[in-house]
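Each value in this text was obtained by applying a stated rule to the coordinates, not by laboratory testing. All figures in this text were calculated on a predicted structure; none of them were measured in a lab. Here the Cβ positions follow ideal geometry from the backbone for every residue, glycine too, while neighbour counts run over all protein chains shown.
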Amino acid sequence: MRTDLFSDDHEQFRASVRGFVGKHVVPNMQRWDSDRLIDRDTWRAAGAQGLLGLSVPEEYGGPGETDYRFRVVIQEEIARVGASALQSGFSTNDDIALNYLLRHATDEQRARWLPGFVTGETIGAIAMSEPGAGSDLRGIGTTAVRDGDGWVINGSKTFITSGILADLVIVFAKTSAENTTGRSSNDFSLFVVEDGTAGFARGRKLDKVGLHAQDTAELFFDNVRVGENQLLGEVGGGLRYLMQSLPLERLGIAIAGQVSAEAVFDWTLAYVKEREAFGGPIGRFQGLGFTLAELATGIEVCRAYIDRCVREYNNGTLTAIDAAKAKLWATELQDKVIDAGVQFHGGYGYMMEYPVAKAFIDARVQRIYGGTNEIMKEIIHRDLMR
């Protein structure tokens, strides 16, 4: 794939990432799927290799790397072998949970929580969605009520990535005085709940269509008491903080979609060049060829836009609208490429030992989480009508 996004430093880093993937990822992918979990040893190995917590400042044990292109390199190399669940887990940790802490944690909170994100000892999660509230986060039922010098949290969350392994969970809760009916943007706050806190329980490990190695869970909060020092940012700032962080979350999903599309296209192209029927490679058939030409063009066009968004994020100018466009387009493209890949592999495309089949089931959620693609269209539409 042609791109001028990376420098020599990024390519040197890529060699390190590729070594990690070859040693710690490829040999374990099947076991992770069977266990429905990526073991902690892998997280610690990634930390030792310098692949986690890139944006953590040096005073907290990190490299203080502000160039997001290094994260893109990690995503590319993991996608190249089809390890979508690991890619999603790392993104949840670095692009979502860690991002909230970097933006809103106090110095004391940073010293307490950030070092583990670098070593792989700390796995984070963000708890927003509930059984009755997904895209409409103002409809959540989880509450946090002030009680003396702390807060008491009650409620439940679902579809929580890394919910089983998470050492700390950032919980989105209602903190308005009316608590049960508030819909104002100032009615919500964020709290950090640590593993082992009384009243905090994990439910079942959810049985998903794809991303089997990614632990996704229900979480329950039954009179969970947290101190004031576990409030993240200001009281009433929760919804605003979510809006500030969503562009990076959606950019991460868009990049995952793009690099997955690139990987699957490469697998498919190699297959149709080798697979023969009626006296020659099936890739020579015009029907397949025209589809491949369209997909190759779409991939390169989308890559140009993604690269632009990465540069804008680095410059602090990526807008929520452009991030929504990237998430919408890249994940729709990913779906088209993978669907064609399965079709062109024929019966083998339906066999789980072929990476294209695994990509097929892993990719479906891309158009759902981080805000459904219908919500992305609504965001773009509202901006057009301003």
Is it the case that Leu295 is in contact (Cβ under 8 Å) with a residue 60 or more places away in the chain and either buried (at least 19 other Cβ atoms within 10 Å of the Cβ) or over 24 Å from the mean Cα position of the chain (by Cα) (or both)?
no
Selection count, region 346-374, where residues are out of contact with any helix residue (DSSP H, G or I) (no Cβ under 7 Å at 6 or more places or on another chain), hydrophobic (A, V, I, L, M, F, W, C), in a helix (DSSP H, G or I) and within 14 Å of Glu332 (Cβ to Cβ):
1
So, Ser156, is that one polar (S, T, N, Q) and touching a Leu at 6+ places or on another chain (Cβ under 8 Å) or not?
yes
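Those residues that are assigned to a strand (DSSP E or B), closer than 21 Å to Val365 by Cα and touching a helix residue (DSSP H, G or I) at 6+ places or on another chain (Cβ under 6 Å), I need them from region 133-170; list them, please.
Ala133, Thr161
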Test set (1) over 15 Å from Ala261 (Cα atoms); (2) within 17 Å of the chain's Cα centre (by Cα) - Glu374 fails condition number
(2)
Matching entry among Ile380, Ile338 (being out of contact with any Cys (no Cβ under 8 Å at 6 or more places or on another chain), in contact (Cβ under 8 Å) with a residue 12 or more places away in the chain, surrounded by fewer than 20 Cβ atoms within 10 Å (Cβ to Cβ) and part of a helix (DSSP H, G or I)):
Ile380
In region 172-275, which strands (runs of 3 or more DSSP E) lie fully inside it and hold 1 or more residues that are in contact (Cβ under 8 Å) with a residue 40 or more places away in the chain, of a type outside the set (A, V, I, L, M) and closer than 22 Å to Ala324 by Cβ?
188-194
